[in-house]
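The values are calculated or read from the model by the stated rules, or taken from the named source; none is laboratory data. Just so it is clear, the model here is predicted, and its values are computed rather than measured. Cβ: placed from backbone, ideal geometry, glycine included. Neighbour counts: every protein chain shown.
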Amino acid sequence: MSDTANVFSDAIVDHAVIREAGVALAAESRRFADRGWMPGTAGNLSVTLARDPLWLAVTASGLDKGELKPTDVVIVDEQGEWTPDAGLPFAQPSAEAGLHARIAAVTGAGAVIHVHALAAVRSGHHWPNGVVLHDLEMLKGIGHSAHDERVVIPVVKNHQDMVILGDAFERAYRPATEAIAEVPALIVADHGIYAWGRDLRQARWHLELTEALLQIVLATKV
Ligand SMILES: CSCCC(=O)C(=O)COP(=O)(O)O
Ligand SMILES: [Zn+2]
């Protein structure tokens, strides 16, 4: 019997779904810790389990993100708060779960990843009003045109209150139009970057490509 069986034995939500989310979040977290983007306990991840009401499986707070176990997940509601309705015992969700929930609610994302990657933090210092990207082939990887589009990665001020941070995200977010895709990333100044997608894999692609684009604009700035 696995170590998750007891923890989830009274869960109202589907045990297998939570187990699958925990396995996936731990694996992704390890990947980013190995890259140096989640040093120590930095960073957090979530996947959307349900939409009505909104429930996310988010990483637990304050743990070594390179050593998460499949049981180190917490089910939170649309405020990012632990919900008793999921039937799991209390565990402290990520301090940033509220922003994950807001991003998932506003964008429809199936997964959100937050890391403390260097180029994102440096870019936020250099361009506090947003980072302009253009004429870069990798823009196609975040849904944009490589040549005739000017894409702005929004930058918002850091805050410890996730409602204030969520409001800042909503003001900065530009949803997709028929002509232009959304920008699936947000820089939080002096802190790190959030990226999202329909699932963890696409969120990872968006994160890796955005961080690579930011490395290029930093390396080529005059
Ligand atoms: C050690 S970094 C400070 C907290 C933070 O920014 C972070 O990403 C991790 O917070 P969590 O509550 O998810 O462990
Ligand atoms: Zn953080």
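Among the numbered criteria (1) of a type in the set (Ser, Thr, Tyr); (2) at pLDDT 95 or above; (3) away from ligand 1 (no atom under 12 Å from the Cβ), which single criterion is violated by Thr4?
Against the list (1) of a type in the set (Ser, Thr, Tyr); (2) at pLDDT 95 or above; (3) away from ligand 1 (no atom under 12 Å from the Cβ), Thr4 comes up short only on (2).
Test Ser123 against the criterion of being within 16 Å of ligand 1 (Cβ to nearest atom), touching a residue at least 12 places away in the same chain (Cβ under 8 Å) and touching a strand residue (DSSP E or B) at 6+ places or on another chain (Cβ under 9 Å), and give yes or no. First the steps, then the outcome.
Values: within 16 Å of ligand 1 (Cβ to nearest atom): no; touching a residue at least 12 places away in the same chain (Cβ under 8 Å): yes; touching a strand residue (DSSP E or B) at 6+ places or on another chain (Cβ under 9 Å): yes.
Considered against the rule, which asks whether it is within 16 Å of ligand 1 (Cβ to nearest atom), touching a residue at least 12 places away in the same chain (Cβ under 8 Å) and touching a strand residue (DSSP E or B) at 6+ places or on another chain (Cβ under 9 Å), Ser123 comes out as no.
Provide a single number: the residues in the stretch 33-62 that are on the phi < 0 side of the Ramachandran plot and within 11 Å of ligand 1 (Cβ to nearest atom).
Keep residues of the stretch 33-62 that are on the phi < 0 side of the Ramachandran plot, which gives 33-35, 37-39, 41-42, 44-61.
Subsequent filtering for residues that are within 11 Å of ligand 1 (Cβ to nearest atom) retains 37-39, 41-42, 44-46, 58-61.
Residues that pass the stated criteria total 12.
Consider the stretch 170-222. How many of its residues are assigned to a helix (DSSP H, G or I), within 16 Å of ligand 2 (Cβ to nearest atom) and among the small types (Gly, Ala, Ser)?
1
Please count how many residues of the stretch 178-222 are closer than 25 Å to Ala50 by Cα and either touching a Lys or Arg at 6+ places or on another chain (Cβ under 7 Å) or of a type outside the set (Lys, Arg) (or both). So that I can check it myself, show each step before the final result.
Looking only at the stretch 178-222, we keep the residues that are closer than 25 Å to Ala50 by Cα, and these are 181-186, 193-207.
If we keep only those that are either touching a Lys or Arg at 6+ places or on another chain (Cβ under 7 Å) or of a type outside the set (Lys, Arg) (or both) too, we end up with 181-186, 193-197, 199-200, 202-203, 205-207.
The qualifying residues number 18.
Look at the stretch 85-113 and say how many of its residues are within 16 Å of Arg204 (Cα to Cα) and within 16 Å of ligand 2 (Cβ to nearest atom).
Total meeting the criteria: 4.
Name every residue in the stretch 43-68 that is in a loop (DSSP other than H, G, I, E, B), buried (at least 16 other Cβ atoms within 10 Å of the Cβ) and touching a residue at least 24 places away in the same chain (Cβ under 8 Å), in order of residue number.
Correct list: Gly43, Ser61, Lys65, Gly66, Leu68.
Cβ-Cβ below 8 Å, separation at least six or inter-chain, first residue in the stretch 183-194 and among the charged types (D, E, K, R), second within 10 Å of ligand 1 (Cβ to nearest atom) and assigned to a loop (DSSP other than H, G, I, E, B): which pairs?
The qualifying pairs are Asp190/Asn158.
Identify the residue in the stretch 30-42 that is within 13 Å of ligand 2 (Cβ to nearest atom) and under 15 Å from Ala203 (Cβ atoms) and, among all such residues, is surrounded by the most Cβ atoms within 10 Å (Cβ to Cβ).
By that ranking, first place goes to Met38.
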